[in-house]
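The values are calculated or read from the model by the stated rules, or taken from the named source; none is laboratory data. Values in this document were obtained by computation on a predicted structure and should not be read as measured data. Cβ atoms come from the backbone with ideal geometry, glycine included; neighbour counts cover every protein chain shown. Ligands, DNA and RNA are excluded from the accessible area calculation, which covers all protein heavy atoms including side chains. Shrake-Rupley method; radii C 1.70, N 1.55, O 1.52, S 1.80 Å.
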Amino acid sequence: MTAQFPPPAPESEQRLLSHEELEAALRDIGARRYHNLHPFHRLLHDGKLSKDQVRAWALNRYYYQAMIPVKDAALLARLPDASLRRIWRQRIVDHDGDHEGDGGIERWLKLAEGVGFTRDYVLSTKGILSATRFSVDAYVHFVSERSLLEAIASSLTEMFSPTIISERVAGMLKNYDFITKETLAYFDKRLTQAPRDADFALDYVKRHATTPELQRAAMDALTFKCTVLWTQLDALYFAYVSPGLVPPDAWQPGEGLVPEASPAAAPTGVPAAFSGSDVPRLPRGVRLRFDEVRNKHVLLAPERTFDLDDNAVAVLKLVDGQSSVSQIARTLGQTYDADPAVIEADILVMLAGLAQRRVLER
């Protein structure tokens, strides 16, 4: 009988990689496996999902968000060094908050409420897909049971999250009229929290993956975490996109939602909300002025003065009675190298506030 010999291992698995090579290998895993490449996310960001499909995503993602501090607490309990524990516990604070009504989980609940869910239904998790629950629970068990190196390496998906957050916020604000900047407030802090957490984890992995075997274990841990995220989207796609087979115990459209009020006219005297096509202008008697005594711009109106922050000044300098809100956002996007869709969402909120004070009109 002829024995089957295994193929030779690639060179990168046989030798110790430099720190730079290890980081490149880890980033390559994200470039190939991170869930921003999943078809469901492409549909989400490009505005191709229905409101109920977005709701299914928000509801199921809540379970992942709620279990993150549970995962981090399990890892924290295993850290032998006080300095490491002090660093890692910040992750728990980021999600649980310092007090009631604070933290990432609370902000995700606001997101779920923003797309129509009642808070109690989301908190119950009874509509979560079984595959979501299995994937997330597997991640918690992985972090609890594997080596500290593997547990920390599995968090390195944070290296890739700022890109997906930027795509998500810009795409959803642009393509869904039921999504607002306030709905997506969860992602604001993650833009700074995720890189901070990733820097620490990457440094830890570089310093503790001291053999080819340990480096491979770290890469496998990151691959596993990418699979956890990918699998959750597989389940969402299968249940709510194609073929659309929702399991009997999972959320069905219409369940757990706040009853929608019938459309009503805006209260008398309250200006209608601005849109991207509106052309804002300052009313007669209102002007933007630089106060040399206070060294700042103010908005002057009859018998009133309004202090302005730098963002408001940048916008109002472009309010000329000819440029639309969308045109102003594009101009600012070019000036500050930022996404015009995100800027436009902020501008609409600011203009609405000024209009209510009767110092802006269209």
All but one of (1) within 23 Å of the chain's Cα centre (by Cα); (2) farther than 20 Å from Ser144 by Cβ hold for Cys226; state the number of the condition that does not hold. (2)
So if I check each of Ala112, Ala170, Ala82, Ala131, which one is farther than 25 Å from Ala25 by Cα and without any contact (Cβ under 8 Å) to a residue 40 or more places away in the chain? Ala82
Does the stretch 320-331 hold any residues that are of a type outside the set (Gly, Ala, Ser) and open to solvent by 20 Å² or more (accessible area, probe 1.4 Å), and which are they? Asp320, Gln322, Gln327, Arg330, Thr331
Looking at the stretch 202-211, can you tell me whether even one residue there is in a loop (DSSP other than H, G, I, E, B) and open to solvent by 10 Å² or more (accessible area, probe 1.4 Å)? yes
Just one listed residue, out of Asp28, Asp72, is free of Cβ contacts under 8 Å to residues at least 12 places away in the same chain and either among the hydrophobic types (A, V, I, L, M, F, W, C) or assigned to a helix (DSSP H, G or I) (or both), and it is Asp28
Given the conditions (1) touching a residue at least 12 places away in the same chain (Cβ under 8 Å); (2) open to solvent by 40 Å² or more (accessible area, probe 1.4 Å), and given that Asp307 satisfies all but one, which numbered condition is not satisfied? (1)
Taking Ala112 and the conditions (1) within 22 Å of Pro243 (Cα to Cα); (2) hydrophobic (A, V, I, L, M, F, W, C); (3) open to solvent by less than 40 Å² (accessible area, probe 1.4 Å), which numbered condition does it fall short on, given that it satisfies the others? (1)
Determine whether Val93 is of a type outside the set (S, T, N, Q), part of a helix (DSSP H, G or I) and without any contact (Cβ under 8 Å) to a residue 24 or more places away in the chain. yes
Condition (residue is outside any helix (DSSP H, G or I) and touching a helix residue (DSSP H, G or I) at 6+ places or on another chain (Cβ under 6 Å)) applied to the stretch 214-237: is it met by at least one residue? no
Which fully enclosed helices (runs of 4 or more DSSP H) of the stretch 126-200 have 2 or more residues being modelled with pLDDT of 95 or more and farther than 23 Å from Leu37 by Cα? 130-145, 148-153
Scan the stretch 154-169 and give yes if some residue there is farther than 24 Å from Ala221 by Cα and either out of contact with any helix residue (DSSP H, G or I) (no Cβ under 6 Å at 6 or more places or on another chain) or open to solvent by less than 10 Å² (accessible area, probe 1.4 Å) (or both), otherwise no. yes
Scan the stretch 237-257 and give yes if some residue there is within 31 Å of the chain's Cα centre (by Cα) and either at pLDDT below 80 or more than 30 Å from Ser135 (Cα to Cα) (or both), otherwise no. no
